[in-house]
Structures are given as structure tokens and as C-alpha cells.
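Report on one structure; see the data block that follows.
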Amino acid sequence: MDDKRRRFETQVLPHLDAAYNFARWLARGAGDADDVLQEATLRAYRAFDALRVSDVKAWLLAIVRNCHFTALQQRRRRSQVPLPEEHDPLDGAAMISDTPSPEATTMQLDDARTLNELVQALPADYREVLILREIEELSYREIAAVINAPIGTVMSRLARARACLKGKWLETVEGAPRAVR
Amino acid sequence: MLCAESLRVQAHFDGEVDAVAALEIERHIERCAECRALQQQLEQTRVALRRELDYHRVPATLEARVRRALPGPPRWQWAAGRSFWTGALSGAGLATLAAALAVFLWLPMRAAPLVDDLMSSHLRALMSAHPVDVVSSDRHTVKPWFAGRTDVSPAVADFAAQGYTLVGGRAEYLAHQRAAVLVYQHGAHLIDVFAWAADGAWPWRSNERMREGYRLLSWRQGDIEYCAVSDAGPEELQVLAQLIQRIP
């Protein structure tokens, strides 16, 4: 039995759901996330020998993130038409219309859907720390390792992300005509 | 959110401060209305996100693709959920086999409540003062004890010589029947080996999965389904499983 493959399957693959969920929230779409997960798993496997097994999850998520950015750059280079700037905070605001269409109003009745859309619309920097902290329950230190930033940055970004989401939420829910709740 | 303590309030909320700092921050929150509001907002956001945000689990087909692409021979056991079938069928690439795979992939979900039952039984036993109902390393004591108390009569043996000491046995209600539990001590680990009459709900010959840091290794012998549950390592459980399988 191949020992490396066996160790990889017991130590790394249990985090495949977390890796995929993270990829989905980074990529804002399913097709790209599939490719990112595939590439990230292969990269992880190649790097696995050198790994000291202290924090496999954060390590795998960091690889997922790197693969996501590589794929993003490649897509941008290929297409001459510039894609929407992922880091532009206005990007998020632009996706939430000030004057909701009838469809949008109906959607706002659904809290879960609204919340998902608001998180989707957050700037990528905010989105990733929120997912890592609130959904994957990573510590500040682990998040710092995943996004390759100092812990201080993690703290301030997390604070801004939470405040931003709360703000958008209030804006969306209370801004809705004849708010239902 | 202008209070200078807001980041520390957040850190406290995220469980990132030590006990001394936590006390300081809690005192501050009592005095500062702004930070009280912040704490409430953090709590609300967290609850909403954890309850409502979509969690995208790997689709079975994608996981199969990911595993197929890995170099090296696939592990033949069922590792962490789904690898046995995907591994066994890797490279087959036939539409019919893919369809068969799809049919089998829902089985782990069906078996999940059983995993829950096994886990909670094991944890309850660990927490209680009496992980065993009958204390004995003698199979001539344990095996008769099961008679009348459980619906199956599993093979019983002590493996103290190999490092697995039979501590005793326990009866548990599991898979809608009275299951037998053999309790082994291995170093610092307590290993529960559950045995119940096979009903086809868990059709794999060998099967290993992790749940909350505990490892479950299951196999079938004749008409009896076995599952070893412990925080011991994979090899340690494998060895015990092989020992039990070799009981005449």
C-alpha cells in the first residue's frame, strides 16, 4: 500500500468539503471552483511530503486560495475584456440596487437568500475572512496563514467585513418597500 | 464602532484572548454601550451566517474525479467516507459503472444515523464511570453475559499479549436491536467494538471513517456487523480488527 497516498487520504481529504466550500465562495461560481479544487488537491499532494502535520486544514485552504488567484489571473490574461475587479469595494455596492425591482423585492422576503447574496457581493477580501472565521471556524492565526497576512490585518479586516455585512443587511432589509419584518 | 476597545471586544468574541484579558473586556462591555451593541451585532451576524449561509459540499462526481487524479494506488478501504467505491472503480470510466457509483454513493448518507448512534454510545461510555457492564478479561465470562442481553453473539477473545486487553462488555440499543459491545484497552485508548446483526444497511466489507476526531472502522463477519470506535490511530484499529477476524 502506498504510504503517501494513504496518509494523504486520511489527513488531507477529510478537509475536501471545506476546501470546496471555500473555493465556491472565492470563485462566486461552481465551474471555476471545480477546477480550483482539482488543481489544489494535486498541488497539495505534491507538497505533502514536506508538510509537518500541524494544521492541515489551513494549509489546504491556503493552497485553494492560491489556485483560485492563479486561475483568476489566467482568465484575465486570456480575455482582453477586463473582468469586474474582485477587490473593488464598490463592486459589492453595485450589485445591490437602490431601487429594487419587483423580483428583487420578492427575493428580499427570503432572509437566507438575501444573506447569501450579500455575502456573495462583499469584496473578496471581506468574503474570505468571514467564511474562514464564521463557517470554517479558523483561529486568527490560521486565517493569517491562509490569507498570508499579519494577525493584525486579519483582525481589522474581519471587523470591517462584519460591519460591512451588517450595514448592507440593514440597508437591504430596512430599505425594502413595505418591509415584511 | 468607534470605541478603541472594539477590536478587543471582537477578539474576545472570537475566543482569541486569555482569561485575564477576557475579564477586563467583559468589565469594559458592562460600562460601554457601544461595545455592548457591537457584541450583540457580532452574535447576530454569526448566528445568521452559520444558519443561513450555503455550505457547498463536494459533489460526489467531483470528489471521484479528484481522487482519480491523485498519483499512487488508491486505498482499498473506505477512507473518510467515499473512497472505497470511487477507488475501486477508478479508471473504469464506463457510463454504466458511473451510474452504479451514483446509486451507491447515497448509502453513506443512509448509514449516517448509525454512525451518530455509534459515536454517542462510545462518548457516553467514555464519560460515564462505567464504560463496561460486565468487567472481565475472560471470554468465558463475557460471552455468556451477552446471551439473553443482546441479539448477537460475537466472537470474544482477549488480546493482552498483542497489547489489546479485553476490559469487558456492554449492551447497547443500536440499529433497532440489542447490540453487543466489546471493550478493549490499548495503551491510553479505550476501543469499543460494536457487534450487531447485519441488516444490509452498511454493506461494505471494510470501512473506515473519521467523526469528530474519532475513528470508526467497520467490517462484516458472517451475519454480524462490527464497528470499532476509538481515538486510537488507524493502524491500531486495523490490527485489532484483524485479530478479531482471526478468532476461530
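What to note about this one:
- Dipole size of the range B:6-52 about its Cα centre, with +1 on Lys/Arg Cβ and -1 on Asp/Glu Cβ: approximately 160 debye, rounded to the nearest 20.
- Counting every other Cβ atom within 10 Å of each residue's Cβ, B:M127, B:M119, A:M155 order from fewest to most as B:M127, B:M119, A:M155.
- Mean partner shielding of peptide B:39-45, defined as the number of other chain Cβ atoms within 10 Å of each residue Cβ, is 3.
- As a rough footprinting exposure proxy, the listed residues A:I147, B:I191 were ranked by other beta carbons within 10 Å of their own, and the order from fewest upward is A:I147, B:I191.
- Relative packing of A:5-17, B:39-51, which averages over residues the other C-beta atoms within 10 Å, highest first: A:5-17, B:39-51
- Taking every residue in B:56-68 and counting other chain Cβ atoms within 10 Å of its Cβ, the average works out to 5.
- For the peptides B:152-160, B:134-142, the ranking by mean Cβ contacts within 10 Å, running from highest to lowest, is B:152-160, B:134-142.
- Inter-chain Cβ neighbour count for A:10-19, averaged per residue, equals 5 (cutoff 10 Å, partner chain atoms only).
- By the count of other C-beta atoms within 10 Å, a proxy for reagent exposure, A:L132, A:L165 are ordered fewest to most as A:L165, A:L132.
- Partner lysines whose Cα lies under 30 Å from the Cα of A:K57, excluding those fewer than 8 positions away in the same chain, are identified as A:K4, A:K166.
Read the figures in this text as sums done on the coordinates, not as results from a lab. Only a predicted model underlies this, so the values are computations on that prediction, with no experimental measurement involved. Here the Cβ is made from the backbone with ideal geometry for all residues, glycine too, and neighbour counts use every protein chain on show.
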